[in-house]
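Everything below concerns the one structure shown next.
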Amino acid sequence: MLVLVINSGSSSLKYQLRDVAAGEVLAEGMVDRIGFPEEGGELEVPDHEAALDLVDAALHEALAGRRIDAVGHRVVHGGERFGDPVLIDNEITRSIERLNPLAPLHNPANVLGIRAIADKWPDVPQVAVFDTAYHRTIPERAWRYAVPDWLYTRHGIRRYGFHGTSHQYVAGRAAALLGIDPAAFDGVVLHLGNGASATAVQGGRSIDTSMGFTPLEGLVMGTRSGDVDPSILVFLGRLGMTPDEIDDLLNRESGLKALGGSNDMRTLVESAERGDAKARRALDVASYRLAKYVGAYHVAVGGARAIVFTAGIGENSSVFRGLVAERLGALGVVLDAAANAARSSEPRAVSAAESAIPVLVVPTDEERAIAEATAAVVTAAVGGQMPR
Ligand code: AMP
């Protein structure tokens, strides 16, 4: 089955064409600057329909006369309604749209992508895979904020969690690497990219995660602050900053960028190795915050059987993994220096044999997870038959 995976943003459209049975990527790319005027005021890519025409043209060669069997969308917010991936129809699209207030930057863009495809290829089934879905198993003690009930009942203010597709995929791969049933996996998964989150996994399910109502809560990220005292926002408001200015400050001007002068882990590690005090401080704050979360989630899952690193930083930065692992010595964690330093794109253990908890590096592949989920939903919907 050929599945086109779409990650539709407000001004960009990322795509990957996959042959699910063969596990192959046939084509991938991104159309960006959608709706941005070029010099002279012309819109090169005026809207998502135009972006899709460009994708269609780019796929021509890879398709070699075959047709796309299904489209799988990464949808950021599924609210409390959506857990499993769903076949999209008009009612589902409207439900995703109703969640716009919870993810004002992301869900409207996801809906634009869904509608553009429905217009262009009305016969191709579409599936939504939600970034929040894996975290629907989080118990109330972990998702409730200690605030008056009307914030939840009227505005849906609770913790939702994000990066779910990645956490679920990586937890499954980690269990396979350890030779245990995914439904028996207890561990802590660390998705460390530009955005970063930690998830406590018990019995293969998410029982807690560091991102909350929005992807701002939790760890120190590339440009996001993660946890701060909420009174800081009130204080800044009283200074006269607007909500948009505070939003920008915490989402785009904070995190590693604010602490160390760069949101790129490679730059920070190089600067720190040259003795740059700001870069060292950034690594120190970020690794300390992360280690605290691992300690907390070790308790939450009743004893982690593995600590798993993934995404850009987690997969590639042996230095950052080393800094975190050093702080986890109290849990009996010991890295194997050579295994940690070795570069590989395969799932692997980087801890020493005597480590009380194995430390794994498992590359994430959200597109693969979305493509497989899409194929499964479409196959089930047509009674086990391929759609054509
Ligand atoms: P992601 O959001 O998963 O694509 O991760 C992006 C981040 O991963 C970048 O901002 C870098 O900080 C980090 N990263 C990517 N490659 C490397 C590398 N080779 N070494 C250290 N960090 C890396």
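The values are calculated or read from the model by the stated rules, or taken from the named source; none is laboratory data. Computed from a predicted model, the values in this text were never measured in an experiment. Note that each Cβ is placed from the backbone with ideal geometry, even for glycine, and that neighbours are counted across all protein chains shown. Please note that ligands, DNA and RNA were not included when accessible areas were found on the heavy atoms of the full protein model with its side chains. Shrake-Rupley method; radii C 1.70, N 1.55, O 1.52, S 1.80 Å.
Scanning region 139-176 for residues that are among the aliphatic types (A, V, I, L, M) and open to solvent by 10 Å² or more (accessible area, probe 1.4 Å) gives ALA142, ALA146, VAL147, LEU151, ILE157, ALA176. Being open to solvent by 20 Å² or more (accessible area, probe 1.4 Å), modelled with pLDDT of 95 or more, touching an Asp or Glu at 6+ places or on another chain (Cβ under 6 Å) and small (Gly, Ala, Ser) is a description that does not apply to ALA277. Which residues, counting only those in region 177-199, are open to solvent by 40 Å² or more (accessible area, probe 1.4 Å) and in contact (Cβ under 8 Å) with a residue 60 or more places away in the chain? Those that are open to solvent by 40 Å² or more (accessible area, probe 1.4 Å) and in contact (Cβ under 8 Å) with a residue 60 or more places away in the chain: LEU177, LEU178, ASN194.
For region 170-205, a tally of residues being in contact with a Ser or Thr (Cβ under 7 Å, 6 or more places away or on another chain), within 13 Å of the ligand (Cβ to nearest atom) and not hydrophobic (A, V, I, L, M, F, W, C) returns 2. Pairing residues of region 295-311 that are within 16 Å of the ligand (Cβ to nearest atom) with residues that are open to solvent by 30 Å² or more (accessible area, probe 1.4 Å) and not in a helix (DSSP H, G or I), at Cβ distances under 7 Å and at least 6 apart in sequence or on separate chains, gives THR310/THR364; ALA311/THR364. Count of region 106-135 residues, restricted to those that are open to solvent by 30 Å² or more (accessible area, probe 1.4 Å) and within 15 Å of the chain's Cα centre (by Cα), is 1.
Would you confirm, using the coordinates I've provided, whether LEU249 is under 20 Å from LEU105 (Cα atoms), modelled with pLDDT of 95 or more, open to solvent by 50 Å² or more (accessible area, probe 1.4 Å) and not in a loop (DSSP other than H, G, I, E, B)?
On the way: under 20 Å from LEU105 (Cα atoms): yes; modelled with pLDDT of 95 or more: yes; open to solvent by 50 Å² or more (accessible area, probe 1.4 Å): yes; not in a loop (DSSP other than H, G, I, E, B): yes.
When the stated conditions are applied, LEU249 passes them.
Which residue is farthest from LEU283 (Cα to Cα), if the candidates are limited to region 321-350 and must be touching a helix residue (DSSP H, G or I) at 6+ places or on another chain (Cβ under 7 Å) and open to solvent by 60 Å² or more (accessible area, probe 1.4 Å)? Here the answer is ALA341. Which ones in region 87-117 are without any contact (Cβ under 8 Å) to a residue 12 or more places away in the chain and touching a helix residue (DSSP H, G or I) at 6+ places or on another chain (Cβ under 7 Å)? The answer is ASN100, and nothing else.
Filter region 206-226 down to the residues that are open to solvent by less than 10 Å² (accessible area, probe 1.4 Å) and part of a loop (DSSP other than H, G, I, E, B), then identify the one that is farthest from the ligand (Cβ to nearest atom). Among them, the one singled out is GLY212.
Reported count of residues in region 240-275, each being touching a helix residue (DSSP H, G or I) at 6+ places or on another chain (Cβ under 9 Å) and within 16 Å of the ligand (Cβ to nearest atom), is 19.
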